[in-house]
Amino acid sequence: MAPTLRSTQSLSLRTVTLALTLSVLLTSAAIASWLGWRTWVSQRDMMQSQLARVADALGDSIGRELESGLRKLQAITLDLPVQRDAAEASLLRRARALLAINPDLRAVALNSATGSQIWNTRLRESRWVPPRLIEHEQRALHLMQPLVSNLYESRSQGDLLASFVVPVVLGGAERVLVGSIDVTAWSQRLMPLVSRQGGVAAVVDTNRRIVTRTSEPQRWLGKFVSDDWAPAFGEQRTGLVRVVTREGVDAYGAWSRLPGTGWTLLIAVPAGPWEETLLSSIRHHLALVAALAGIGSALAWWFGHVLVRGADRLSRNATHMVVDRKVEQSPIAIREFETIRQGLVQAAELLRQQDERAEQLERARAELLAKEQAARRESDEANRFKDEFLGVLGHEMRSPLAAVLHGAGALDKRLEHDARARSLAQAIQRQARALTRMVEDLTEVGRLISGNVPLEVTRVDLADVVRQAVQVLELAQASGDHRLDLSLDAVEIEGDADRLQQMVINLLVNALRYTPANGSIHVRLHRLDQPVPCAELRVQDSGIGMRPEDLDRVFGLFVQVGPRGVQRRGLGIGLSVVRRVVERHNGRVWAESQGPGHGSTFIVQLPLA
């Protein structure tokens, strides 16, 4: 037994592990860095959220002002005189009164449906203005609803403006009341709200043209906004985006769709000053974390070195235990490692004992394997001899059976007046024909097993094949007193028509053989699309049925199933031929039955053409 160390001469693994916890500072540094990054992200998201709320609030405020201005202009069209000239004059007086109390309006004009200007509060009444059809006026007349226009060139002076548009009917004539909006007032209202943060704000119409802007509004009036703001004109009413302003400043942007107009409020706040302040704080934090991580790494390296030396010895001992079943006897200074070393010594001894038992088991297994391979060779040889015997037997019995049939037929013709002898000759013929069919079945199954039957594959209708098989049985009077019910759909497959007919005949003969007189046989043929497209043939009888354990073995060669006491006819070859033919056509066949006395169903599935 290996000597053990006193507790004062070894370090506890728990003590070493406690020292190694200092190395957790590295993980703490990573976590702190991640938390710093998350702080930066959360602060940025908070700032963007505040920006989005400001944009939403300002958008709602401007939207309400637009709706208020539109309602005020619409209000002066109420309760006008019936006569057109009087109504137009009264509307002019009301428009001037409205301008006196509403600073958001620059001028009010009344235009006809053909684009002519009837009057304009900003122009002398005698001044003529060229008629021009404007799209938003036509749209308002078409909808007969008030609206706020996009930027357009005025009729009188050609300057860019946006207007409230209200359709009216004066004396039976359609007119458009247009109030041009003083957008410069909006920029003055927006300026105090965004200038404190060094930002800019703008109102943009549905064509993405700037209606007003807090910075240099006249310079940018009518200009298109940059592509950075493309998300602001999608389906979302509000949102955030990173943009570069017209002044070339990297900024956080927010937008809000103005209700009822389709216009959009854009706000941009510079990102640089805010990000620099936060990043400076994060850099100082990371520097402190890096210093602590360095100290922790040095301590972790030293204590880790102690553990590594002990682990290396354990690793060498484990390798020797696997290779030559030997372990070092010198102790390890760490108590827990020493316990593991002693366990390796015991494990090496157990492995030596197991190796000896494994050698004995391997020798026994090799002997059993040799016996099993010899038995397999004998079985394969017996199967080969059986197949060859079936082929030779069928071939050799054809000639004598043909002679017997020929002789019995000749006797039948010559013994016309001897009823007894003629009956015996006919009996010889029947038995010889039955024996001939058995020989042909033996020969056929031998050829199918050996794979010597070539298939003449053509495109055939399986329903025609089933009908021809039924006709063959009816001509041979094999159906007897049974009721044969057919339900056939036209289904085309690729296969050998003769082999398929042989398969159907064998299925029907099997059903007739095990179904009592006056029983019924149902034949169904239809197409299946799930799970794989195929043709399905079902032959269901009301016969003696099968036990569950017979469903798999019924297709075996020379296998006959059925309850005790039932007379079994044939050699048990027909269903084996069915399985071979179906497999040669890449199909599958199986049997189903609810048990003895409940009939049987044979299902064949073949791939479609």
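The values are calculated or read from the model by the stated rules, or taken from the named source; none is laboratory data. Model, not experiment: these values are computed from the prediction. Note: ideal-geometry Cβ built from the backbone for every residue, glycine included; neighbour counts use all protein chains shown.
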- Could you tell me which numbered condition V203 fails, if it satisfies all but one of (1) surrounded by fewer than 23 Cβ atoms within 10 Å (Cβ to Cβ); (2) closer than 22 Å to L58 by Cβ? (1)
- Task: Output the residues belonging to region 493-526 that are touching an Asp or Glu at 6+ places or on another chain (Cβ under 6 Å) and surrounded by fewer than 18 Cβ atoms within 10 Å (Cβ to Cβ).
- Result: A517, N518, H522, H526
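Residue-wise test of (1) within 18 Å of F164 (Cβ to Cβ); (2) of a type in the set (G, A, S); (3) out of contact with any helix residue (DSSP H, G or I) (no Cβ under 6 Å at 6 or more places or on another chain).
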position	(1), (2), (3)
L91	yes, no, yes
A100	yes, yes, yes
A109	yes, yes, yes
T114	no, no, yes
Q117	yes, no, yes
V129	no, no, yes
L141	yes, no, yes
M144	yes, no, yes
L147	yes, no, no
- Query: Quick check, is T184 of a type outside the set (D, E, K, R) and within 40 Å of the chain's Cα centre (by Cα)?
  - Reply: no
- Query: Restricting the first residue to region 78-103 and requiring it to be touching a residue at least 60 places away in the same chain (Cβ under 8 Å), which pairs with a second residue that is surrounded by fewer than 10 Cβ atoms within 10 Å (Cβ to Cβ) meet a Cβ separation below 9 Å and a spacing of at least six or different chains?
  - Reply: R84/G172
- Task: Go through (1) under 52 Å from the mean Cα position of the chain (by Cα); (2) not in a loop (DSSP other than H, G, I, E, B); (3) not hydroxyl-bearing (S, T, Y) one by one and return the number of the condition V169 breaks.
- Result: (1)
- Message: Which condition from (1) of a type in the set (A, V, I, L, M); (2) buried (at least 17 other Cβ atoms within 10 Å of the Cβ); (3) under 45 Å from the mean Cα position of the chain (by Cα) is the one that V211 breaks?
- Response: (3)
- Message: Regarding region 49-58, can at least one residue be identified that is polar (S, T, N, Q), outside the structural domain of V165 (by TED's automatic domain parsing) and without any contact (Cβ under 8 Å) to a residue 12 or more places away in the chain?
- Response: yes
- For region 153-164, pairs from a residue that is under 18 Å from D205 (Cβ atoms) and among the hydroxyl-bearing types (S, T, Y) to a residue that is modelled with pLDDT of 85 or more and part of a loop (DSSP other than H, G, I, E, B), with Cβ under 8 Å and 6 or more apart or across chains, are S163/S149
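What about S576, is it at pLDDT 90 or above, of a type in the set (S, T, N, Q) and buried (at least 21 other Cβ atoms within 10 Å of the Cβ)? If you could, list the steps in order and put the result at the bottom.
Working: at pLDDT 90 or above: no; of a type in the set (S, T, N, Q): yes; buried (at least 21 other Cβ atoms within 10 Å of the Cβ): yes.
Here the answer is no, as S576 does not meet what is asked.
Going residue by residue through region 265-284, is there one that turns out to be more than 30 Å from G69 (Cβ to Cβ), at pLDDT 85 or above and not assigned by TED's automatic domain parsing to the domain that holds W34? Outline the logic, then answer.
If we filter region 265-284 for residues that are more than 30 Å from G69 (Cβ to Cβ), which is where we start, we get 270-284.
Keeping just the survivors that are at pLDDT 85 or above gives 270.
Restricting the remaining residues to those that are not assigned by TED's automatic domain parsing to the domain that holds W34 gives 270.
Scanning region 265-284 turns up at least one residue that is more than 30 Å from G69 (Cβ to Cβ), at pLDDT 85 or above and not assigned by TED's automatic domain parsing to the domain that holds W34.
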- Task: Out of the residues in region 52-91 that are hydroxyl-bearing (S, T, Y) and either closer than 21 Å to L258 by Cβ or exposed (fewer than 14 other Cβ atoms within 10 Å of the Cβ) (or both), state the one that is modelled with the highest pLDDT.
- Result: S68
